[in-house]
1. Taking only protein heavy atoms and a 1.4 Å probe, what accessible area per residue, in Å², does the chain have with all protein chains in place?
2. Could you tell me the calculated FRET efficiency between residue 27 and residue 64, based on Cβ-Cβ distance and R0 = 22 angstrom, to the nearest 0.05?
3. With contacts defined as alpha carbon pairs under 8 Å and 6 or more residues apart, what's the relative contact order of the chain in percent?
4. Considering only protein heavy atoms and a 1.4 Å probe, what is the carbon-and-sulfur percentage of the accessible area of the chain?
5. Quick one: helix 45-54 against the long Cα principal axis of the chain, what's the angle to the nearest 10°, folded into 0 to 90?
6. Rounded to the nearest 20 debye, what is the charge dipole size of the chain about its Cα centre when +1 sits on each Lys and Arg Cβ and -1 on each Asp and Glu Cβ?
7. Between 42, 51, 22, where does the largest GNM mean-square fluctuation fall for the chain, given springs only between Cα atoms within less than 10 Å?
8. Using the Kirkwood radius over C-alpha pairs as Rh, can you work out the diffusion coefficient of the chain via Stokes-Einstein at 20 °C, viscosity 1.002 mPa s, in µm² per second?
Amino acid sequence: MKVIVDQEKCVGSGQCVMLSDAVFDQRDEDGVVVLLQDRPAADQHEAVREAARVCPALAIEIEE
């Protein structure tokens, strides 16, 4: 799995961080997503998929 985030689309809702703080973080100044791991461990895959599903801005893309 490869994770791609579009910081231009991100609205800073933080749903991704709540679901997988090992993979996603947010910038302090504006809450925009920061990708910590673009190839997360297998035990994070389902949480990352859920983060992509619930992202209100559709800023997370997953390549399987």
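The values are calculated or read from the model by the stated rules, or taken from the named source; none is laboratory data. As the structure is a prediction and not an experimental result, all values here were calculated from the model. Note that we place each Cβ from the backbone using ideal geometry, even for glycine, and neighbour counts take in every protein chain shown. Side chains included, ligands, DNA and RNA excluded: accessible areas come from the protein's heavy atoms. Shrake-Rupley method; radii C 1.70, N 1.55, O 1.52, S 1.80 Å.
1. 61
2. 0.20
3. 47
4. Summing carbon and sulfur atoms, their accessible area is 45 percent of the total for the chain.
5. 40
6. 140
7. It is 42.
8. For the chosen part, D equals 191 µm²/s.
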